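Data block below; observations after.
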Amino acid sequence: MHHARLLAAVLAVASCAAQSQTPPEPTLDLRGAITGSWYNPEQSGHGLALERLPNGRVALSWYTYRRDGSPFWLIGSGLQHGPQLVVQALEASGGQPPPHWADAEPSVLPWGELRIEFADCNNATLHWSSEDPDFGDGSLAVQRLTRIDGLRCNAENEFGLQLGYSFQLDAAGFSALFADLPQGSPDIYELDARWDPLPEPLQSRAGFRLTGHNRSDDLAMLIKAPISGLQPDTEYRVELEMEMASNVPTGCAGIGGSPGDSVYMKLGASTQEPLAQPQDDGKEAWLRLNVDFGNQAQSGADALVVGTLANSANCDDGINSDWELKTLSTEGMPFQARSDANGRLWVFAGSDSAFEGFTQFYFTGLRARLQPQAAN
């Protein structure tokens, strides 16, 4: 179906409902976050495609079927009013395949009304009203199937401060540190940290590369940076998100653990600067973190486990996987950190490895969202 021509024919107009005298509490602000595919898991095979446009308008396509089993599409656009979207849907017919489009006589006729009520960022109810005998009036629960990468739903209503760090051009003020290994570690640890272009097929991107050979059974590799200008000595609700690149498949076996599934990725924040400080264990000094980073698969007071190094490839297809980007976040995990007396808070991201081999990955971006908490 030729979407450009059909969408150009959409003439639906949505009227604005009268506003209440009392403004609603700002608890749900969907905006562009509704963009994506929505469906009912019990009716896989048909669903909605939504795209948020400027000025509060939304383009909608409902790909479904008629009673005789033939594919049937509805299209339209409408206005989004908070958690509700109303669309005057159009039915298109009479078209031909693109090579024969000049022979077509397409028509676009009114079909009925579609209304979507969003319960939250991932769940909604589709209502329809039409004189079409195959449909009539009805409703269907739908849930999110896809979303735009990096777009956090309702963030503006939950966090007053949002910061984004990209490593496309440089290290963006971040520095690296390594911990849980002997002080003065020899070259066999293969430690390295640098800003570098990514390998193929991501060669158009760049990132902060960390490498290390875990010969201590518990190697931690991190990047860190301060956030300044916060309220002094204040507890903040913190949400962190990393974008990284990995070429390690899931399901691989390795010494001490899997090279992907046993390398745990963590995000954290702390009042004090994370440092790798020497601690004498009676035989030799080891570098240990001065913040609670947790232990491998366990989160700590200052850091949360958000996933592993493994990408979407499977080791059954071979250990040589393409590099791919993945996003990991603390979204949905309660996490707080306190700023210091100067209004500064440190954020960090890194790995905590149980795999006793060589590990390499890239950080390509990091986002921090903060909201001060009311004093008790």
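The values are calculated or read from the model by the stated rules, or taken from the named source; none is laboratory data. The shown structure was predicted, so the numbers you read here are calculated from the model rather than taken from an experiment. Heads up, the Cβs are rebuilt from the backbone with ideal geometry, glycines too, and the neighbour counts pull from every protein chain shown. In case anyone asks, the SASA skips ligands and DNA or RNA and just uses the protein heavy atoms, side chains included. Shrake-Rupley method; radii C 1.70, N 1.55, O 1.52, S 1.80 Å.
Suppose a student asked you for the relative contact order of the chain, using Cα pairs under 8 Å spaced at least 6 residues apart; what percent would you report? Can you show the working numbers first?
Numbers: 926 pairs, mean separation 66.1, N = 376.
RCO, the chain: 18 percent.
Report the charge-dipole magnitude of region 215-324 in Debye, nearest 20, computed about the Cα centre from +1 at each Lys and Arg Cβ and -1 at each Asp and Glu Cβ. Walk me through the numbers on the way to the answer.
On the way: 6 positive and 18 negative charges, 41 e Å.
The calculation lands at about 200 debye.
Accessible area per residue for the chain is 50 Å², calculated with a 1.4 Å probe on protein heavy atoms, without ligands, DNA or RNA.
The order of the peptides 294-301, 92-99 by mean Cβ neighbours within 10 Å, most packed first, is 294-301, 92-99.
Over 36 Å apart: what share of the alpha carbon pairs of the chain falls there, rounded to a whole percent?
More than 36 Å apart: 40 percent of the Cα pairs in the chain.
Ordering Leu181, Gly207, Val263 by the projection of their Cα atoms onto the charge dipole of the chain, which places +1 on the Cβ of Lys and Arg and -1 on the Cβ of Asp and Glu, puts Gly207 at the extreme positive end. Computed over the Cα atoms of region 146-200, pair by distinct pair, the Kirkwood hydrodynamic radius stands at 15.6 angstrom. Principal axis extents of the Cα atoms in region 94-222, from largest to smallest and rounded to whole angstrom, are 78, 42, 30. Remark: the chain carries a charge dipole of roughly 760 debye about the Cα centre, counting +1 on each Lys and Arg Cβ and -1 on each Asp and Glu Cβ.
Per-residue 3J(HN,Hα) values for region 262-267, derived from phi via the Karplus relation 6.51 cos²θ - 1.76 cosθ + 1.60 with θ = phi - 60°, read 10, 10, 8, 9, 9, 10 Hz in sequence order (x marks Gly and Pro).
Probe radius 1.4 Å, ligands and nucleic acids ignored: give me the carbon and sulfur share of the accessible area of the chain as a rounded percent. Each step should come with its number before you reach the end.
Details: 9100 of 18890 Å².
So the carbon and sulfur contribution to the accessible surface is 48 percent.
Computed from backbone phi with θ = phi - 60° and the Karplus coefficients 6.51, -1.76 and 1.60, the 3J(HN,Hα) list for region 57-72 is 8, 9, 8, 10, 10, 10, 9, 9, 9, 8, 4, 7, x, 6, x, 9 Hz; x is used for glycine and proline.
Spin-label model, Asn342 to Ile148: label points 7 Å out along the Cα-to-beta-carbon direction sit 3.8 nm apart. With the whole protein complex present, Met333 retains an accessible surface near 70 Å², based on a 1.4 Å probe. The smallest convex shape that holds all Cα atoms of region 314-361, its convex hull, gives 170 Å³ per residue. Estimated from helices alone, the mean residue ellipticity of the chain at 222 nm is -500 deg cm²/dmol (sum of -39500 (n - 2.57) over DSSP H runs with n ≥ 4, per residue).
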